1. Checking the conditions here, which among B:111, B:118 is over 22 Å from residue B:213 (Cα atoms), touching a helix residue (DSSP H, G or I) at 6+ places or on another chain (Cβ under 9 Å) and buried (at least 16 other Cβ atoms within 10 Å of the Cβ)?
2. Would you check which residues across segment B:234-281 are modelled with pLDDT of 90 or more and in a loop (DSSP other than H, G, I, E, B) and list them?
3. Here are some residues: B:315, B:311. Which one is in contact with a helix residue (DSSP H, G or I) (Cβ under 9 Å, 6 or more places away or on another chain), more than 27 Å from residue B:139 (Cα to Cα) and at pLDDT below 95?
4. Would you check which residues across segment B:1-59 are without any contact (Cβ under 8 Å) to a residue 24 or more places away in the chain, part of a helix (DSSP H, G or I), away from chain A (no Cβ under 14 Å) and in contact with a helix residue (DSSP H, G or I) (Cβ under 8 Å, 6 or more places away or on another chain) and list them?
5. Could you check, for segment A:223-238, whether at least one of its residues is part of a loop (DSSP other than H, G, I, E, B), in contact (Cβ under 8 Å) with a residue 60 or more places away in the chain and within 14 Å of chain B (Cβ to nearest Cβ)?
6. If you go through segment A:181-197, how many residues are part of a strand (DSSP E or B) and either crowded, with 16+ Cβ neighbours inside 10 Å or within 14 Å of chain B (Cβ to nearest Cβ) (or both)?
7. Could you check, for segment B:373-383, whether at least one of its residues is closer than 26 Å to residue B:266 by Cβ, crowded, with 17+ Cβ neighbours inside 10 Å and at pLDDT 95 or above?
């Protein structure tokens, strides 16, 4: 109880808690995970300029996808999800990436095996087909893969499914059939409320992914991984974009030290010719 | 071709992450303390936090059998994990530091299993082993500490040295002569508990590389008869059980140390310019890098080969000796070259290289000096006991 300025008592109305996180029918979460060059590796451009060298290079799960797996596991631990399915699309070795997700807490995996260079639209179409079959309440993706930095799959998938999307999420709260997502945008934070089912893409600050602990690594061995081909999902994965050329950024020239402001101005004018 | 299974590769990555994110960030503090005259290891508070993290991640009781609550990992997985651990400059091992485990498992009585082995395997009890004496180090069969039976008790008299982890140890395995036999014969293992009358910690000895060892005196140290570990007069062979896996583990640590030293060397050589050219463009450096990479590759294969054979139940004592010699010497050489390539910076106490150099220097001596291992290898080969040339 509190009083207004004139001494009248104002009743505080207890607002019913929105809807408990567990009130909604527990759902499945789908988490696509991409196998990329490890973030610690200093990438080298192939000598023919067709791409980045991946032979003999350490590969790992895309760090933003790790954040996606972590978020899914946390939602499951809170009782907001019943099952986490990790999906990876690409070469057979992507199974390792799925296994990492299983060791972090995902329940089962789906590998869509293809030797073709899979581009965002093809991946989004295949994920759509998987989503239609699995009927997840939520799909959490990394906001971008650190190899090609396309940042397109999540948005394309949302469009194809006709679902709401909360991209670049730094905080996610589920309230019944809807979800509040705080997004990192230029100049600040934007809060959006989405209806489920929905798509989230993860930003760096959403969470700090856990280590896969030793007992969980041992348990991951027993979790199932289904393998299929793009054709099983009715998708033609042929690339639509052509990479013309990949090259390293131009090398920076060594700097120079100048003795005085006059010398600096003189060099800017006559050597660099910028003023 | 040797390849780790997917699961073992993930375990190796777990340890790599643990080393990079939990241990290596502590090096700066450890080095600063050491430079100021303190010990070159974790403080009690740091250790407590790190051990709690290990427990959380399941990095605990790795080679302990499942019935004792451990992960029961095969040697290949353990070695892959230990290689990663080797990259950390200060001394650290996952609990329980387990060479005594194999000896206890082989010979402990049912009562001793409950009282000593189980808490040790669970990491709640710590242990040490006292073998060397002032007059018997690399040749432990020359020990003179003696235990005499008195009624149902045993009374131990003698002096032991270079014993690690003594202050923390809840119990110590003490090797002593009980019979008239020469050398390996007539040696018996006993369990002496912390604080037992007549068991005196004579002094602490600071070793290079951050370790501490202790000199112990047993002065009419009386212990009950049920502390005999294994058969009377037959303690020497079970004691050796702890050594093979330990030597492979040292090989894995050395590989990790050499990897770290070479990474540092390469990183520096790519940037450092002298006399108008990068170090990486100089043949002297390139040859060091080439030799170092080749030796790391060879050492890793030697360790993994011996580990796989050990898992298959084969006798790898000769291989373990080869690894002990090769690994410690190659790591010492690579660390030294990395220091040299770093110039004055390489010999500061701000860099972990000096700590690694001291650590590996000590490793050429403990668990059998290189020369004793060479002697053993030579003899086995000459006696036709090594399958590699048969």
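1. Working: B:111 fails: buried (at least 16 other Cβ atoms within 10 Å of the Cβ).
Answer to the selection: B:118.
2. Those that are modelled with pLDDT of 90 or more and in a loop (DSSP other than H, G, I, E, B): B:272, B:275, B:276.
3. Numbers: B:315 fails: more than 27 Å from residue B:139 (Cα to Cα).
One residue alone meets the criteria, B:311.
4. B:29, B:46
5. Of all residues in segment A:223-238, those part of a loop (DSSP other than H, G, I, E, B) come to A:223-224, A:229, A:234-238.
Keeping just the survivors that are in contact (Cβ under 8 Å) with a residue 60 or more places away in the chain gives A:223-224, A:229, A:234-238.
Narrowing the set further to residues that are within 14 Å of chain B (Cβ to nearest Cβ) leaves A:223.
Yes, there is a match, as at least one residue in segment A:223-238 is part of a loop (DSSP other than H, G, I, E, B), in contact (Cβ under 8 Å) with a residue 60 or more places away in the chain and within 14 Å of chain B (Cβ to nearest Cβ).
6. The first filter runs over segment A:181-197 and keeps only residues part of a strand (DSSP E or B), leaving A:181-185, A:188-195.
Cutting the leftovers down to either crowded, with 16+ Cβ neighbours inside 10 Å or within 14 Å of chain B (Cβ to nearest Cβ) (or both) gives us A:181-184, A:194.
So the count comes out to 5.
7. Taking segment B:373-383 first, the residues closer than 26 Å to residue B:266 by Cβ are none.
Checked against the condition, which is being closer than 26 Å to residue B:266 by Cβ, crowded, with 17+ Cβ neighbours inside 10 Å and at pLDDT 95 or above, segment B:373-383 yields no hits at all.
Table: residues versus (1) in contact with a helix residue (DSSP H, G or I) (Cβ under 7 Å, 6 or more places away or on another chain); (2) assigned to a helix (DSSP H, G or I); (3) within 12 Å of chain B (Cβ to nearest Cβ).
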{"position": "A:88", "(1), (2), (3)": "yes, no, no"}
{"position": "A:99", "(1), (2), (3)": "yes, yes, yes"}
{"position": "A:110", "(1), (2), (3)": "yes, no, no"}
{"position": "A:115", "(1), (2), (3)": "no, no, no"}
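The values are calculated or read from the model by the stated rules, or taken from the named source; none is laboratory data. Worth saying up front: this structure is predicted, and the values here are computed from it rather than measured. Quick reminder, even Gly has a Cβ in these numbers, built from the backbone with ideal geometry, and neighbours come from all protein chains shown.
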